[in-house]
Amino acid sequence: MEASLLGPADRVRELLERIAEAAGVPARVEIREDGETLTAAYVGDDLGILIGRHGQTIDAIQHLSYRAAFRGASPRKRLVVDASGYRERRALALQADADRAVELAMRDSRPVALEVMSALERKVVHEYLRDRPGIETYSEGEEPDRHLVVAPVVQ
């Protein structure tokens with residue numbers, strides 16, 4: 001079917017299938033959609049090549065998929081592309097790092113810098129700590145070395 005006649009979910013599925021095929025990775029693509037989010041997930045074994053180092057490949061695939069899915073469309077939904085549950089595992093690891101940083105920041109009354117992260121990962125941490133009393137988060141540095149800082153709120 002001509003790409004211009006496909007809906008966002010179909011365009012994402014087609015793109016993800018083509019990427020997996022080009023990478024030589026046997027994977028199935030599952031799509032879920034609700035009122036706010038379109039989620040596409042690669043399912044299969046040994047999907048590391050689609051995730052990439054520190055999630056760089058899956059982030060790039062997600063960016064391309066968003067552009068393909070919603071070009072010229074309005075309104076746009078949030079799009080999440082995942083592979084083998086990577087997003088959830090990474091979010092849990094980031095939250096654990098954030099909890100340790102909060103503990104250090106409060107104990108030592110000083111800002112604590114986290115590792116360099118992508119914009120998507122910094123957003124996960126900002127949202128996770130958004131309502132945490134007594135601390136604030138902000139980003140520092142320039143891409144690709146931008147990182148998040150957890151700091152106690154100065155009274």
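Values as computed for the structure displayed
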{"item": "ARG67 within 30 Å of ARG28 (Cβ to Cβ), outside any helix (DSSP H, G or I) and assigned by TED's automatic domain parsing to the domain that holds ALA22", "result": "no"}
{"item": "Members of the stretch 58-108 that are out of contact with any strand residue (DSSP E or B) (no Cβ under 8 Å at 6 or more places or on another chain) and closer than 30 Å to LEU5 by Cα", "result": "ASP59, ALA60, HIS63, LEU64, ARG67, ALA68, ARG71, GLY72, ALA73, SER74, PRO75, ARG76"}
{"item": "Of the criteria (1) more than 25 Å from ARG53 (Cα to Cα); (2) modelled with pLDDT of 95 or more, which one TYR138 fails", "result": "(1)"}
{"item": "Any chance ARG89 is farther than 20 Å from GLN56 by Cα, loosely packed, with under 14 Cβ neighbours inside 10 Å and among the basic types (Lys, Arg)", "result": "no"}
{"item": "All positions within the stretch 14-36 that are free of Cβ contacts under 8 Å to residues at least 40 places away in the same chain, closer than 16 Å to PHE70 by Cβ and surrounded by 15 or more Cβ atoms within 10 Å (Cβ to Cβ)", "result": "GLU14"}
{"item": "Considering residues of the stretch 116-135 that are within 11 Å of the chain's Cα centre (by Cα) and exposed (fewer than 15 other Cβ atoms within 10 Å of the Cβ) only, the residue modelled with the lowest pLDDT", "result": "ALA119"}
{"item": "Every residue from the stretch 33-57 that is among the β-branched types (Val, Ile, Thr) and touching a strand residue (DSSP E or B) at 6+ places or on another chain (Cβ under 8 Å)", "result": "THR37, THR39, VAL43, ILE51"}
{"item": "Whichever residue in the stretch 136-155 is hydrophobic (A, V, I, L, M, F, W, C) and surrounded by 14 or more Cβ atoms within 10 Å (Cβ to Cβ) and, among such residues, is farthest from ILE61 (Cα to Cα)", "result": "ALA151"}
{"item": "Residue match in the stretch 2-9 (condition: closer than 18 Å to GLY85 by Cα, of a type outside the set (Ser, Thr, Tyr), surrounded by 15 or more Cβ atoms within 10 Å (Cβ to Cβ) and not assigned by TED's automatic domain parsing to the domain that holds PRO144)", "result": "no"}
{"item": "Options ALA151, ALA98, ALA113; residue that is modelled with pLDDT of 95 or more, touching a Pro at 6+ places or on another chain (Cβ under 6 Å), over 30 Å from ASP10 (Cα atoms) and not charged (D, E, K, R)", "result": "ALA151"}
{"item": "Of all residues in the stretch 37-67 being among the hydroxyl-bearing types (Ser, Thr, Tyr) and free of Cβ contacts under 8 Å to residues at least 40 places away in the same chain, the one that is nearest to ARG13 (Cα to Cα)", "result": "TYR66"}
{"item": "Odd one out for SER118 among (1) touching a helix residue (DSSP H, G or I) at 6+ places or on another chain (Cβ under 6 Å); (2) on the phi > 0 side of the Ramachandran plot", "result": "(2)"}
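The values are calculated or read from the model by the stated rules, or taken from the named source; none is laboratory data. Quick caveat: nothing in here was measured; it's all calculated off a predicted structure. Because the Cβ atoms are built from the backbone with ideal geometry, glycine has one as well, and the counts that use them run over all protein chains shown.
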